[in-house]
Amino acid sequence: MNEMLGKIKESALAKIAEAVDADALNEIKVAVLGKKGELTQVLKSMKDVAPEDRPKVGQMVNDARAVIEDTLSKKLAEIARAARSARLVRETVDVTKPGTRKLLGHRHPNQIALEDLERVFIGMGYEVVSGPEVEYDKYNFELLNIPANHPAKDEQDTFYIQRGATTEEDILLRTQTSSVQARIMLDAVNPEKERTLPIRVISPGRVFRADEVDATHSPSFHQVEGLVIDKNITMADLKGTLAQFAKEFFGPNTKTKFRPHHFPFTEPSAEVDITCFKCGGKGCGVCKGSGWIEILGCGMVHPNVLSMCGIDPEEYSGFAFGIGLERITLLKYEIDDMRLLYENDERFLSQF
Ligand code: DAH
């Protein structure tokens with residue numbers, strides 16, 4: 001009996017010494033001390049022991065059990081300690097290490113140019129307004145003196161969305177931000193709206209034309225519309241305003257030139273050129289040798305447009321202009337291909 005108990009104890013202690021985790025220890029515990037464990041079997045065989053020897057044998061079994069339990073719990077504590085220090089090593093944080101830097105985006109060149117432009121006009125007392133990109137023919141064409149079948153409609157290869165009951169109700173992607181002019185004027189004479197005359201607004205936004213993509217064309221680009229309506233507004237106000245804008249936006253030495261042109265919604269109309277910011281007017285690659293660069297269209301708001309929008313042309317007059325945002329962005333940053341603005345190439349964009 002003594003010998004058998006000794007073997008059980010030796011073998012249990014050897015296994016405990018080899019165990020590497022709590023699960024292994026638990027298995028040993030069950031195998032030796034459990035209900036069907038080796039030591040328990042010994043207790044069950046007590047009936048074969050002579051009655052006078054039983055207390056002694058019982059004592060031996062209990063001693064063996066106590067030693068095994070004690071060894072088990074010590075080993076368990078040892079394993080837990082080792083696991084804990086392994087975790088501490090694994091989770092060590094070196095607070096002196098440099099952090100992982102988050103890549104922060106920044107404004108697109110178009111947006112930088114737009115904000116520069118807005119700053120100039122806000123400085124002159126303009127309000128920045130917006131209008132819908134999906135628009136009725138009425139605002140995009142009809143109220144701007146471009147009636148059904150007007151050839152100017154062809155020039156602006158329009159994306160039509162839906163045919164209306166009348167041409168005016170056709171729905172399209174606006175071909176020009178000039179559509180906002182009509183909306184603002186109508187609002188200004190509508191007593192239910194907050195807006196009143198006089199008007200002094202700019203309206204930047206996206207426009208759409210069925211153009212092929214090349215270095216200077218895109219089916220979607222941006223314009224900034226300007227509209228001023230008040231009493232006694234003259235061409236001199238228009239010229240002064242745009243000349244001042246050109247100086248503030250492109251540099252104080254910039255000169256402007258007004259060339260007669262035609263737009264259905266202005267009379268007279270003009271296109272505005274600025275002296276080449278690169279060569280100062282001498283002629284270079286940027287201005288194709290002419291010394292001048294075209295930047296916008298403008299004119300005095302046509303009396304027909306005023307009256308269609310509910311404003312008396314005898315009492316009020318005004319001017320309007322439309323600037324191609326990409327155009328001035330390309331010029332300002334000397335970018336030679338409009339497609340670069342849309343490709344979202346990080347190597348290009350991060351230069352601004
Ligand atoms: N809407 C014109 C275009 O897309 C630009 C323009 C010209 C706007 C003259 C105006 C203007 O407001 O007065 O080509």
32 Å Cα-Cα threshold exceeded, pairs from 153/282; 35/75; 138/288; 231/288; 153/278: 153/282; 138/288; 231/288; 153/278
For the chain, which span is the longest to avoid every loop-located (per DSSP) member of GluC sites (Glu not before Pro) having at most 12 other Cβ atoms inside 10 Å? 213-313
Among 110, 51, 82, whose Cα lies farthest out toward the positive end of the dipole of region 1-144, if unit charges sit on the beta carbon of Lys, Arg (+1) and Asp, Glu (-1)? 51
Just from its helices, what would the mean residue ellipticity at 222 nm be for the chain, if runs of 4 or more DSSP H residues each count -39500 (n - 2.57) and the sum is divided by every residue, rounded to the nearest 500 deg cm²/dmol? -12500 deg cm²/dmol
What would the Debye equation give as log₁₀ I(q)/I(0) for region 106-250 at q = 0.15, 0.17, 0.19 Å⁻¹, counting only Cα atoms as equal point scatterers? -0.89, -1.10, -1.27
Candidate cut points under trypsin sites (Lys or Arg not before Pro) in region 225-281, DSSP loop plus at most 11 other Cβ atoms within 10 Å of their own Cβ, are 231
Report in % the part of the accessible area of the chain that belongs to carbon and sulfur, leaving out ligands and nucleic acids; probe 1.4 Å. 51 percent
May I ask you to give the average projected area over all directions of the convex hull of the Cα atoms of region 109-349, in nm² rounded to one decimal? 13.6 nm²
Using +1 at the Cβ of each Lys and Arg and -1 at the Cβ of each Asp and Glu in the chain, identify which of 250, 149, 352 lies farthest towards the dipole's positive end. 352
Accessible area per residue for the chain in Å², computed with a 1.4 Å probe and the full protein assembly in place, what is it? 57 Å²
When the Cα atoms of region 241-352 are enclosed in a convex hull and the volume is divided per residue, what value in Å³ results? 132 Å³
Enumerate by residue number the trypsin sites (Lys or Arg not before Pro) in region 5-97 meeting two conditions: DSSP loop (anything except H, G, I, E, B), and at most 11 other Cβ atoms within 10 Å of the site's Cβ. 35, 36
Dipole magnitude (debye, nearest 20) for region 2-90, charges at Cβ of Lys, Arg, Asp, Glu: 380 debye
Return the long-range amide H neighbours of residue 255 (sequence gap of 5 or more, or a different chain), with a cut-off of under 5 Å between placed amide H atoms. 275
Given region 2-90 reduced to its alpha-carbon atoms as identical point scatterers, what log10 I(q)/I(0) does the Debye formula return at q = 0.14, 0.22, 0.23 Å⁻¹? -0.54, -1.02, -1.08
Diagonalise the Cα gyration tensor of region 72-189 and give the resulting equivalent ellipsoid semi-axes, square root of 5 times each eigenvalue, largest first, whole Å. 67, 22, 13
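The values are calculated or read from the model by the stated rules, or taken from the named source; none is laboratory data. The structure displayed is predicted, hence computed values, not measured ones. FYI the Cβ positions are ideal-geometry reconstructions off the backbone, even for glycines, and counts take in every protein chain you see. We work out accessible area using only protein heavy atoms, side chains counted, and drop any ligands, DNA or RNA first. Shrake-Rupley method; radii C 1.70, N 1.55, O 1.52, S 1.80 Å.
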